[in-house]
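A short write-up of the structure that comes next.
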């Protein structure tokens with residue numbers, strides 16, 4: 001492997017080459033769910049002995065039954081509404097909510113002839129367009145989740161306003177207005193039919209069997225007592241990615257084409273023990289192979305079976321807020337997508353160990369956390385350790401402004417403020433000819449205003465970063481003063497075919513000065529925990545450090561169950577006296593003259609075949625600048641294909 005650029009990863013494993021694409025994954029891991037309260041005299045509800053057979057059979061069906069299907073893809077796209085209920089007290093009839101374009105009515109229900117609830121006991125519930133909703137089944141073409149809930153779209157402009165969907169297609173928690181933007185506003189990552197973090201899903205609505213539309217639903221809600229408030233949820237994922245790098249890292253990492261592939265399997269269980277306590281556990285393993293491949297050191301591309309997550313959560317109501325605390329090993333996504341998105345495109349995503357607490361009021365939420373990264377490097381089964389050298393801590397708040405109407409569209413704006421601190425014991429900064437190894441601590445206050453005003457969708461964020469860097473060999477300290485400004489502005493043409501969103505993205509992230517003394521202030525902004533690849537660069541050859549970017553962005557739905565994301569960012573260095581960065585902690589050997597680095601047109605096409613099968617392909621061509629090519633860099637193509645099997 002070429003030793004072309006200095007690198008030190010945030011997990012404490014040093015290397016001399018930038019890591020391969022480290023990105024935010026479109027598919028979440030397997031998950032299980034548990035819950036405690038007093039167990040009744042009748043104890044645990046009976047299990048089917050065929051549970052293992054069902055798991056095996058369902059995996060085969062996933063592979064044999066891929067088919068195109070219908071999905072709602074934009075806030076104004078027409079789609080059916082289906083009756084869905086929560087269990088009502090035995091003394092009262094169940095209620096159904098029927099949504100129309102202007103009003104919402106609640107009517108008593110009685111069982112219909114086929115066991116479904118019908119308003120006033122007369123006829124099956126009607127959709128908003130007057131049609132009778134089809135019976136639920138796992139491959140019903142009218143019951144696919146909305147494509148706007150794709151987790152990989154986390155860093156893209158998204159519709160904040162989805163028309164009301166049946167609860168069978170949304171499994172979000174009780175977060176009210178913060179379930180906007182497919183749940184991302186709540187701070188747990190996107191949550192639609194599935195979630196980036198599988199523990200963020202809520203399948204309790206399956207207590208009412210009328211909400212069961214999928215052949216896997218029996219595994220999503222397994223009642224363990226007569227009351228049904230102690231229940232178990234299983235979830236899982238198999239994921240394969242194939243990568244083609246014509247000139248990896250502008251040719252610094254590989255000068256000849258590299259063919260890589262990786263696989264991840266994970267299984268989770270979420271045990272709810274009544275209303276206030278739940279336990280979550282997740283097992284994960286990953287492997288990677290290829291031809292002329294690179295970058296598999298460190299334990300996150302090749303890893304034996306281990307506990308990726310294991311925590312206890314306690315939740316209750318205090319002072320009018322839903323308050324909760326989590327302790328153990330967990331994923332963390334409560335930060336802007338241009339700061340971190342979990343780094344889940346290697347086989348094993350980031351996980352963290354420590355404490356997290358949250359509180360949700362009607363229009364305000366607070367999240368506090370103190371976490372240590374998991375070290376996946378030790379070989380063997382169940383050998384992962386706590387990495388005491390990498391810490392993330394801080395607080396995040398979000399205020400939802402009152403909803404309003406603008407240009408005949410519902411509108412919602414959020415104002416986020418946060419403080420993100422981190423310590424990394426092994427990191428390097430560049431010099432004119434080499435690098436300096438050391439340790440850094442950073443604290444990053446910032447704010448983000450984002451949402452939609454009618455058809456205008458936007459996100460504007462600013463961060464300042466202070467702290468220091470201490471060189472390992474000399475012990476000299478350098479103070480840090482850096483900044484980052486990230487913005488997107490788009491217009492949604494909701495009445496056009498494909499409901500396109502067209503806009504522009506700009507970023508200004510400060511760089512340092514390699515020519516200053518080793519005791520002077522260092523101005524490079526660091527985002528060490530991998531922003532979303534779909535925010536800036538699908539290939540992840542360029543990181544969120546020392547850059548100025550500008551370019552058009554667009555999202556369109558060619559058909560009802562496909563999406564196409566496109567962008568053409570042009571990249572400059574913010575400071576010509578600093579390096580070109582592959583990530584917050586990896587930089588290239590190149591020291592070209594001039595600021596312009598490259599133009600990188602890219603696109604991502606996704607087909608949601610069924611609720612369980614997603615196929616996608618990403619492509620990008622890197623047009624390197626003439627000065628970068630003269631300094632030894634090169635242009636090249638990047639292609640990635642993805643297969644996701646999820647339940």
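The values are calculated or read from the model by the stated rules, or taken from the named source; none is laboratory data. It should be emphasised that the depicted structure is a prediction, and the values quoted were computed from it without experimental measurement. With ideal geometry, Cβ positions are generated from the backbone for all residues, glycine too; neighbour counts draw on all protein chains shown.
The table below lists the values:
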item	result
Candidate set from the stretch 319-333 (those that are part of a loop (DSSP other than H, G, I, E, B) and over 12 Å from the mean Cα position of the chain (by Cα)); member that is surrounded by the most Cβ atoms within 10 Å (Cβ to Cβ)	320
Enumeration of residues in the stretch 617-634 that are buried (at least 18 other Cβ atoms within 10 Å of the Cβ) and in contact with a helix residue (DSSP H, G or I) (Cβ under 8 Å, 6 or more places away or on another chain)	622, 624, 628, 633
Enumeration of residues in the stretch 504-549 that are over 18 Å from residue 468 (Cα atoms) and free of Cβ contacts under 8 Å to residues at least 60 places away in the same chain	504, 506, 542, 543, 547, 548, 549
Scan of the stretch 395-412 for residues that are out of contact with any helix residue (DSSP H, G or I) (no Cβ under 6 Å at 6 or more places or on another chain) and surrounded by 19 or more Cβ atoms within 10 Å (Cβ to Cβ), ordered by number	396, 398, 411, 412
The stretch 294-307, subset under 23 Å from the mean Cα position of the chain (by Cα) and surrounded by fewer than 19 Cβ atoms within 10 Å (Cβ to Cβ), residue farthest from residue 380 (Cα to Cα)	307
Flag for residue 271 being over 26 Å from residue 327 (Cβ atoms) and in contact with a strand residue (DSSP E or B) (Cβ under 9 Å, 6 or more places away or on another chain)	no
Odd one out for residue 365, checked against (1) buried (at least 17 other Cβ atoms within 10 Å of the Cβ); (2) farther than 30 Å from residue 494 by Cβ	(2)
Which listed residue is buried (at least 22 other Cβ atoms within 10 Å of the Cβ) and more than 29 Å from residue 610 (Cβ to Cβ), from 233, 253	253
In the stretch 262-293, the residues that are more than 19 Å from residue 243 (Cβ to Cβ) and surrounded by fewer than 24 Cβ atoms within 10 Å (Cβ to Cβ)	267, 269, 271, 273, 274, 275, 276, 277, 279, 281, 283, 285
Single unsatisfied condition, residue 409 versus (1) within 28 Å of residue 474 (Cβ to Cβ); (2) in contact with a strand residue (DSSP E or B) (Cβ under 9 Å, 6 or more places away or on another chain); (3) at pLDDT below 90	(1)
Residue in the stretch 334-351 that is touching a helix residue (DSSP H, G or I) at 6+ places or on another chain (Cβ under 8 Å), crowded, with 24+ Cβ neighbours inside 10 Å and outside any loop (DSSP other than H, G, I, E, B) present	no
Residue identified as surrounded by fewer than 24 Cβ atoms within 10 Å (Cβ to Cβ), in contact with a strand residue (DSSP E or B) (Cβ under 8 Å, 6 or more places away or on another chain) and at pLDDT below 90 among 247, 210	210
Among (1) under 21 Å from residue 519 (Cβ atoms); (2) within 26 Å of the chain's Cα centre (by Cα) - the single one residue 450 does not satisfy	(1)
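Residues checked against (1) over 18 Å from residue 315 (Cβ atoms); (2) under 22 Å from the mean Cα position of the chain (by Cα); (3) modelled with pLDDT of 95 or more:
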position	(1), (2), (3)
217	yes, no, no
226	yes, no, no
230	no, no, yes
256	yes, no, no
281	no, yes, yes
